[in-house]
Amino acid sequence: MSTQDTIESVRDTFRTDSKQIENDPKKFESLKIKYLGRKGLVADLFSNIPKVPTDLRPKYGKDLNELKNEISSFFNNNFFLKIF
């Protein structure tokens with residue numbers, strides 16, 4: 001699986017998972033940890049940067065930052081779910 005495919009796979013999985021939290025604060029927090037936690041899927045992708053060929057790193061980093069921003073935006077825009 002290419003680096004781009006890996007990022008897209010995590011993006012697709014996140015989009016599917018995020019539709020299933022149903023205003024449940026526990027699911028919301030679990031999802032946040034799964035993707036943005038220190039040992040989460042996004043952190044794992046960042047740890048793979050040294051393994052990416054040098055010429056592909058700028059694109060990989062850009063795409064990875066876009067993924068992280070997309071996921072972070074979801075949690076920032078749905079912070080009200082923590083309140084329930």
Greater than 29 Å separation of Cα atoms is the criterion. Which listed pairs, Lys19/Lys51; Lys39/Lys62; Lys19/Lys68; Lys32/Lys59; Lys26/Lys59; Lys19/Lys39, meet it? Lys19/Lys51; Lys26/Lys59
Could you tell me which of rounded, prolate or oblate describes region 1-41, using a ≥ b ≥ c as the square roots of the eigenvalues of the alpha-carbon gyration tensor, with rounded for a/c under 1.5 and, failing that, prolate when a/b is larger than b/c and oblate otherwise? oblate
Calculated from DSSP helices alone, with each H run of at least 4 adding -39500 (n - 2.57) and the total divided by the residues of the chain, [θ]222 nm to the nearest 500 comes to -21500 deg cm²/dmol
The chain: relative contact order in percent, alpha carbon pairs under 8 Å with at least 6 residues between: 40 percent
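Taking a cut-off of 14 Å, what percent of all Cα-Cα pairs in region 30-80 are separated by more than that?
Details: 703 of 1275 pairs.
Of all Cα-Cα distances in region 30-80, 55 percent exceed 14 Å.
Every read-out reported here was derived from the displayed coordinates using simple, explicitly stated rules and does not represent laboratory data. Predicted, not measured: the structure shown is a model, and the values here were computed from it.
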